[in-house]
1. Please identify the helices of the chain, taking whole runs of DSSP H, that span at least 15 Å along their own axis as judged from the Cα atoms and have a mean Kyte-Doolittle score of -0.5 or higher.
2. For a footprinting-style exposure proxy, rank Ile80, Ile14 by other Cβ within 10 Å, fewest first.
3. Among Thr45, Thr96, Thr34, which one shows the biggest mean-square fluctuation in a GNM of the chain, springs joining Cα atoms closer than 10 Å?
4. Just add up the charged neighbours of Gln102: K/R +1, D/E -1, any other residue whose Cβ is under 12 Å from the Cβ of Gln102.
5. Tell me the net charge near Asn7. Cut-off is 14 Å between Cβ atoms, Asn7 excluded, with +1 for each Lys or Arg and -1 for each Asp or Glu.
6. Dimensions of the chain along principal axes (Cα, Å, largest first)?
7. Setting aside same-chain residues fewer than 8 positions from Lys98, which lysines have a Cα under 20 Å from its Cα?
8. With Cβ to Cβ distances under 12 Å as the rule, what net charge do the other residues near Glu26 carry (K, R +1; D, E -1)?
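Every number in this text was worked out from the coordinates using simple rules, so none of it is lab data. These numbers were taken from a predicted model, which means no experiment stands behind them. All Cβ positions, glycine included, derive from the backbone under ideal geometry; neighbour counts span all protein chains shown.
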Amino acid sequence: MATNVTNARRRKRIIRSGIRAAQRFERKNGRVPTRQELLRLRVRTVAPWKRHIVILSGLAFVGFGLFGYWKWGSVAGLVIFGALGLLVVLMGAFSTRKQLDQMLRGIDASVSNSILDAIIDAL
């Protein structure tokens with residue numbers, strides 16, 4: 001049961017990300033992407049709530065470094081935790097993107113076709 005829920009959520013996320021990428025393509029090029037162009041579009045692979053948790057964790061690292069500097073005057077802690085925190089924030093903000101074709105590999109052909117059809121129908 002959990003697998004079906006996860007797959008349904010993943011399918012919805014792929015469709016939503018694909019629609020956004022196709023709309024950006026349409027605004028940029030002034031036309032709807034073809035099926036091959038649609039497969040080459042890059043979409044986010046991580047759910048937004050997970051990215052937000054990573055960003056908040058990075059901000060916590062930066063905050064801990066600032067607190068250590070303010071409380072104990074630890075410059076080394078500020079540099080280490082600040083740099084680590086900024087790195088984590090950047091990872092969360094600019095998380096990995098994959099081509100839609102790569103995300104659809106390993107999924108049943110009928111499901112991947114329905115995902116592509118849903119994206120095309122939304123345009």
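1. Within the chain the helices that satisfy the rule are 48-72, 75-93, 109-122.
2. So the residues, fewest neighbours to most, are Ile80, Ile14.
3. Largest GNM mean-square fluctuation: Thr34.
4. Summing Lys and Arg as +1 and Asp and Glu as -1 gives +4.
5. Net charge around Asn7: +4.
6. Between the extreme Cα coordinates on each principal axis of the chain lie 60, 42, 19 Å.
7. Lys12, Lys28, Lys50
8. Result for the neighbourhood of Glu26: +4.
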